1. If I filter region 128-176 down to residues being among the basic types (Lys, Arg) and not in a helix (DSSP H, G or I), which single residue comes out as surrounded by the fewest Cβ atoms within 10 Å (Cβ to Cβ)?
2. Identify all residues within region 101-127 that are of a type in the set (Ser, Thr, Tyr) and not in a loop (DSSP other than H, G, I, E, B); write none if there are none.
3. Residues in region 177-193 that are closer than 13 Å to GLN152 by Cβ, surrounded by fewer than 17 Cβ atoms within 10 Å (Cβ to Cβ) and not basic (Lys, Arg): how many?
4. Just checking, which of MET190, MET159, MET178 is hydrophobic (A, V, I, L, M, F, W, C), touching a Ser or Thr at 6+ places or on another chain (Cβ under 7 Å) and not assigned by TED's automatic domain parsing to the domain that holds GLU75?
5. Does CYS145 meet the test of being touching a residue at least 24 places away in the same chain (Cβ under 8 Å), touching a helix residue (DSSP H, G or I) at 6+ places or on another chain (Cβ under 9 Å) and of a type outside the set (Phe, Trp, Tyr)?
6. Which ones in region 25-64 are acidic (Asp, Glu), at pLDDT 65 or above and surrounded by 10 or more Cβ atoms within 10 Å (Cβ to Cβ)?
Amino acid sequence: MNEALKISRRDLMIAGAVSASALASQGAEPAGPTPAQQDGAAHELPMVDVRLTINDRSHRLRLDTRTTLLDALREHLHLTGTKKGCDHGQCGACTVLVNGRRINSCLSLAVMHPGDNITTIEGLGTPERLHPLQAAFVKHDGYQCGYCTPGQICSAVGMLDEIKRGVPSHVSADIVAMPLLSTDELRERMSGNLCRCGAYSNIVEAIVDVAGGVA
């Protein structure tokens with residue numbers, strides 16, 4: 001290294017401190033918003049009135065337009081059966097049914113669903129009268145920690161309806177024929193719902209029990 005370019009760590013720190021002092025003396029603006037600016041922004045949230053039909057009950061909410069359906073369910077209506085997992089639509093823990101079709105509620109805004117019929121795990125059954133899939137999950141031990149179970153069950157309800165309507169999947173051999181209720185079909189169609197406990201085989205058994213067997 002050129003001897004003229006050598007600089008000690010102490011000299012470097014002194015030079016940095018001098019540069020910072022020079023900037024401050026010139027009245028450099030702070031990089032982020034001031035507390036007053038933050039307070040002003042907080043009072044300008046884009047709020048809107050939304051009427052949602054959830055589990056056959058109508059709810060009127062005043063929400064920030066950026067509120068997801070998942071957060072509306074959990075934080076505003078206290079329907080905590082629907083779980084917040086990855087918050088990126090990759091784990092399926094937040095699956096609910098909208099007009100009978102399964103969606104990831106963490107990826108959908110609440111304001112998109114006025115007039116829709118939304119069903120959560122609380123709307124499928126009760127402890128006294130379980131939905132057939134809820135009972136099958138208990139029978140076949142289709143859960144361990146149980147965190148993913150509400151999303152698994154809602155997804156399975158929607159998935160079986162897809163098969164009934166003839167909707168093909170990635171593994172369907174013939175996209176115009178009625179899909180077979182096969183293990184490959186079930187695993188592919190449920191692949192968007194992750195179980196970190198690894199209860200997949202039991203989950204398939206529970207679904208098969210309700211669906212009436214595998215072709």
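1. Taking region 128-176 as the starting set, the residues that turn out to be among the basic types (Lys, Arg) are 129, 139, 164-165.
Filter once more, keeping what is not in a helix (DSSP H, G or I): 129, 165.
Values: ARG129: 8, ARG165: 11.
Filtering region 128-176 for residues that are among the basic types (Lys, Arg) and not in a helix (DSSP H, G or I), the one surrounded by the fewest Cβ atoms within 10 Å (Cβ to Cβ) comes out as ARG129.
2. Those that are of a type in the set (Ser, Thr, Tyr) and not in a loop (DSSP other than H, G, I, E, B): SER105, THR119.
3. Keep residues of region 177-193 that are closer than 13 Å to GLN152 by Cβ, which gives 186-187, 189-193.
Filter once more, so that each one left must be surrounded by fewer than 17 Cβ atoms within 10 Å (Cβ to Cβ): 187, 191-192.
Next, from what is left, pick out any that are not basic (Lys, Arg): 191-192.
Within region 177-193, residues that are closer than 13 Å to GLN152 by Cβ, surrounded by fewer than 17 Cβ atoms within 10 Å (Cβ to Cβ) and not basic (Lys, Arg) number 2.
4. That would be MET190, the only listed residue that is hydrophobic (A, V, I, L, M, F, W, C), touching a Ser or Thr at 6+ places or on another chain (Cβ under 7 Å) and not assigned by TED's automatic domain parsing to the domain that holds GLU75.
5. The answer is no for CYS145.
6. Listed by number, the residues that qualify are ASP49, ASP64.
The values are calculated or read from the model by the stated rules, or taken from the named source; none is laboratory data. All figures in this text were calculated on a predicted structure; none of them were measured in a lab. Backbone-built Cβ (ideal geometry, glycine too); neighbour counts: all protein chains shown.
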